[in-house]
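Trainee: Let me give you the structure first, and then I'll get to my questions.
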Amino acid sequence: MTRLAAVTLLAFAALVVAPAASADRAQETALAERYAPVVRLVSHTNCEPGKPYLPINVNLLFGEPTVALRGPWSQSDLVKIGPTAKDLSKGLFEYHLDFPGSALDPGCDYLHWERRLVDGQTPTVYAHVATDPERPGKLALQYWLFYVFNDWNNLHEGDWEMIQLVFDATTPAQALQRPPAEVGYSQHEGAERAAWTDDKLERVDGTHPVVHPAAGSHANFYGESLYLGSSAEQGVGCDDTRGPTFDIRPAVQTIPSDDAQARAEDPWIAFEGRWGELRPAFFNGPTGPNLKRQWSEPIRWSEGWRSRSYTVPGGSAFGSGATDFFCSAVGGGSKALVRLVDEPLEFGLVLAGLALLVVILLSRATWRPAAPRRIARRRTWGQILSTSARMYAQGILLFVGIGLLLVPISLLITLLQALVLHATGIFGVQTGGESDGLLALLVLAIGTALTLLGLGLVQAVCTRALVELDAGRPVGPLRAYRLAADAVAPLFGALLIASIAVSLLASSIFLLPIAVWLAGRWALVAPAIELEDLSAIAGLRRSRRLVRRRWLKVASLIVAGGGLVILAGPLLGVLLIVTTSLPFWLVNVIAGVVYAVAMPFVALATAYAYFDARTRGELDATSDLAELPAEIELSTQA
């Protein structure tokens with residue numbers, strides 16, 4: 001009788017609990033369907049236009065003969081081909097799945113493989129309702145997305161991303177009766193928050209949040225922009241969510257909140273290994289949702305969300321801005337790091353060879369004597385750079401003043417961006433989205449024209465100031481600009497012609513060498529127009545004649561001097577971004593000021609290269625010239 005009573009009691013309890021569990025599961029599914037995200041994917045990829053990586057159903061991986069399960073001991077320890085979801089349910093700590101391809105040399109292999117897997121299948125997100133025992137009164141609704149490859153700075157197979165909605169509720173039934181309080185979008189190791197009523201959160205049909213995965217990295221953002229990150233939480237580099245884009249509405253599969261039920265329905269959720277190839281450091285495949293902090297502590301995790309992400313505008317206010325340079329530098333550096341990890345010996349030999357070549361070239365250059373005065377003299381390559389540096393140091397207040405007058409031009413460029421695009425911050429960092437492409441192109445064209453004029457004007461003004469100093473006449477920044485004012489119109493015309501011609505040629509890989517050759521031929525146009533009172537066309541012709549038979553010397557001088565100066569500000573900016581918590585707008589200002597005050601050094605090198613070319617052309621070619629011969633008579637327009 002006792003046994004019969006116990007069985008009866010258990011049966012009665014099962015009858016009571018089963019409907020309750022079934023009701024909870026139905027409510028979780030209803031909640032997940034109501035707030036299912038709209039995923040706005042970037043169309044452009046490095047492989048095929050219009051075919052980005054999609055969030056896939058992970059069941060497509062199981063039983064697939066191109067997927068391997070490997071052990072934790074080394075990359076080559078094969079456990080099974082085509083593992084099943086049940087195989088993964090055993091935990092398998094630090095085992096890993098291996099997809100066909102090489103993470104460090106991906107090409108388009110993973111995208112083509114994914115296309116074969118998902119042929120005719122619907123993209124999928126995995127919903128999960130979770131609470132946090134240490135944070136009662138809150139409920140989290142999570143959507144997890146899996147991509148087969150992370151094609152960003154940290155290349156790796158497999159990529160789990162997610163978004164989370166937080167409700168002021170304790171059960172799914174309560175959450176169905178009220179809107180979410182806030183939303184968090186995962187971004188690398190961190191996340192960004194938005195209130196449910198926040199303007200930056202776009203919703204479709206009132207309840208479906210729009211999520212913008214960045215191209216390659218799949219970090220989730222609230223709008224279309226180029227986003228800058230400088231930490232592990234933000235991702236080190238730049239995430240791009242700009243269009244063209246298209247929307248998908250993935251199918252929703254709800255993983256039960258009950259752990260036992262979840263393991264029964266989705267055995268793979270118990271996997272404790274990595275969803276991708278085993279590689280060093282951040283090239284390693286990621287762990288699954290169950291090993292993430294937000295899976296078990298969703299509310300506590302949400303307390304660390306950031307309130308905003310910073311974006312980079314289409315154009316730069318201060319030359320090569322620190323933020324723009326940061327994006328390119330991190331991207332280029334990551335590629336170099338990939339090669340170092342994948343081919344350490346070959347990469348090391350190439351790097352050592354390049355370093356040795358630079359050392360040999362610099363050691364063979366003649367740097368002394370460096371005589372800044374008596375400017376119209378013949379000078380070697382090294383002497384021009386050392387003389388420019390010595391002149392800059394002697395007249396530092398003059399040349400810093402000349403350079404600082406670039407700042408108003410830079411601010412004018414950024415003001416135009418702000419007025420036309422209505423989205424650009426004054427100092428080169430914005431928090432809004434991108435605007436119409438035609439307007440952006442217009443602003444970029446205006447900004448480029450003004451930037452070229454500013455750089456050319458600094459070259460002309462520094463050349464004029466150099467002549468005045470050499471003649472013993474006092475000169476300050478404002479007087480130097482006044483003396484050079486007559487050259488503005490022809491100088492702008494020449495620079496405009498040169499920039500259009502070089503840009504058009506540089507747009508084709510086959511014509512790029514011609515573009516580089518022309519840029520070198522026209523490198524001396526600013527001092528030629530300033531000192532010889534020439535028109536735009538005449539100035540270009542004069543520069544061409546001066547550079548003839550010495551193109552390599554002139555071009556390498558401009559590249560060497562310009563490289564030092566143009567990179568000085570952005571490199572300092574990158575250092576500040578990585579090592580400090582200064583706001584990005586302030587970093588751009590600091591980098592821009594460094595760029596502006598150092599730019600006259602390039603102008604001085606250009607001017608001394610011009611005088612060297614004139615001296616060599618006007619002195620008797622057969623005369624026995626010393627390293628610093630007697631100068632020519634310099635006839636200039638006062």
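The values are calculated or read from the model by the stated rules, or taken from the named source; none is laboratory data. Computed from a predicted structure; not experimentally measured. Cβ coordinates were reconstructed from backbone atoms using ideal geometry, including for glycine residues, and neighbour counts include every protein chain displayed. SASA here: full protein model, heavy atoms, side chains in, ligands and nucleic acids out. Shrake-Rupley method; radii C 1.70, N 1.55, O 1.52, S 1.80 Å.
Trainee: How large is the accessible surface per residue of region 253-307, computed with a 1.4 Å probe and reported in Å² as a whole number?
Mentor: 41 Å²
Trainee: Could you list which residues have their amide H under 5 Å from that of H156, counting only those 5 or more apart in sequence or on another chain, with H placed in the peptide plane?
Mentor: N150
Trainee: Return the FRET efficiency for the residue pair R178, S89: r is the Cβ-Cβ distance, R0 is 41 Å, and the value is rounded to the nearest 0.05.
Mentor: That pair, R178 with S89, gives E of 0.70.
Trainee: Is the C-alpha gyration tensor of region 25-148 telling us rounded, prolate or oblate? Criteria: a/c under 1.5 is rounded; beyond that, a/b larger than b/c is prolate, otherwise oblate.
Mentor: Working: a/c = 2.15, a/b = 1.27, b/c = 1.69.
Judged from the Cα gyration tensor, region 25-148 comes out oblate (a/c at least 1.5, b/c at or above a/b).
Trainee: Test of understanding: what is the full-extension gain from Q121 to I514, defined as 0.36 nm times their sequence separation minus their Cα-Cα distance?
Mentor: Numbers: separation 393, 0.36 × 393 = 141.48 nm, distance 4.90 nm.
So the chain would gain 136.6 nm between Q121 and I514.
Trainee: At 7 Å along Cα-to-Cβ for each site, give me the label-to-label distance between D109 and S43 in nm.
Mentor: Going by the 7 Å Cα→Cβ label model, 3.0 nm.
Trainee: Give the cross-link partners of K80 among the lysines, using a straight C-alpha distance below 28 Å as the criterion and excluding same-chain residues fewer than 8 apart.
Mentor: Cross-link targets: K90, K292.
Trainee: Next question, about the same structure. Tally up the carbon and sulfur contribution to the accessible surface of region 29-89 as a whole percent, 1.4 Å probe, everything protein left in place.
Mentor: Working: 1370 of 2590 Å².
The computed percentage sits at 53.
Trainee: Let me ask you something else. Around K51, which amide H atoms from residues at least 5 apart in sequence, or from another chain, sit under 5 Å from its own amide H, with H modelled in the peptide plane?
Mentor: Answer set, sorted by chain and number: T45.
Trainee: Turning to a different aspect of this structure: Express the accessible area of region 15-168 per residue in Å², computed with a 1.4 Å probe while the remaining protein chains stay in the model.
Mentor: Values: 6060 Å² over 154 residues.
I get 39 Å² per residue for this part.
Trainee: Over region 500-544, what lengths in whole Å, largest first, do the semi-axes of the equivalent ellipsoid take, defined as the square roots of 5 times the eigenvalues of the alpha-carbon gyration tensor?
Mentor: Each semi-axis is √(5λ); the values are 24, 9, 6 Å.
Trainee: Would you mind calculating the gained length between A260 and T66 on full extension (0.36 nm times residue separation, minus the Cα-Cα distance), in nm to one decimal?
Mentor: Answer, rounded to one decimal: 66.9 nm.
Trainee: In terms of the Cα gyration tensor, with a ≥ b ≥ c the square roots of its eigenvalues, is region 196-299 rounded because a/c is under 1.5, prolate because a/b exceeds b/c, or oblate? If you can, show how the numbers build up before the last one.
Mentor: Numbers: a/c = 2.03, a/b = 1.23, b/c = 1.65.
Oblate, because a/c is 1.5 or more while a/b does not exceed b/c.
Trainee: Can you send over the carbon and sulfur percentage of the accessible area for region 216-305, probe radius 1.4 Å, protein chains only?
Mentor: The value for region 216-305 is 47 percent carbon and sulfur by accessible area.
Trainee: Still on this structure, please answer the following. How much of the accessible area of region 461-557, in percent, comes from carbon and sulfur atoms when a 1.4 Å probe is used?
Mentor: Accessible surface attributable to carbon and sulfur in region 461-557 totals 67 percent.
Trainee: OK, next. Under a crude label model (7 Å from the Cα following the beta-carbon direction), how far is D77 from V210 in nanometres?
Mentor: If labels sit at D77 and V210, their model points lie 4.8 nm apart.
Trainee: Starting from the amide H of A191, placed 1.01 Å from N in the peptide plane, find each other amide H under 5 Å away whose residue is 5 or more places distant or on another chain.
Mentor: Residues meeting the amide H criterion: R306.
Trainee: Taking 0.36 nm per residue of separation and subtracting the Cα-Cα distance, what length does fully extending D168 through R549 add?
Mentor: Result for the pair: 129.5 nm of gain on full extension.
Trainee: In Å and whole numbers, how far do the C-alpha atoms of region 478-570 stretch along each principal axis, longest first?
Mentor: Computed over the Cα atoms, the extents are 42, 32, 25 Å.
Trainee: With each label point set 7 Å from Cα along the Cα-Cβ vector, what nm distance links A26 and R203?
Mentor: 2.6 nm
Trainee: Read phi for every residue in region 109-120 and hand back ³J(HN,Hα) as whole Hz from Karplus 6.51 cos²θ - 1.76 cosθ + 1.60, θ = phi - 60°, with x for Gly and Pro.
Mentor: Once rounded to whole Hz, the list reads 4, 5, 5, 5, 5, 4, 4, 5, 5, 8, 3, x.
Trainee: While we're on this one: Starting at the first residue of region 264-269, write each ³J(HN,Hα) from the Karplus equation 6.51 cos²θ - 1.76 cosθ + 1.60 with θ = phi - 60°, in whole Hz, x for Gly and Pro.
Mentor: Those phi angles translate into 6, 7, 10, x, 5, 5 Hz.
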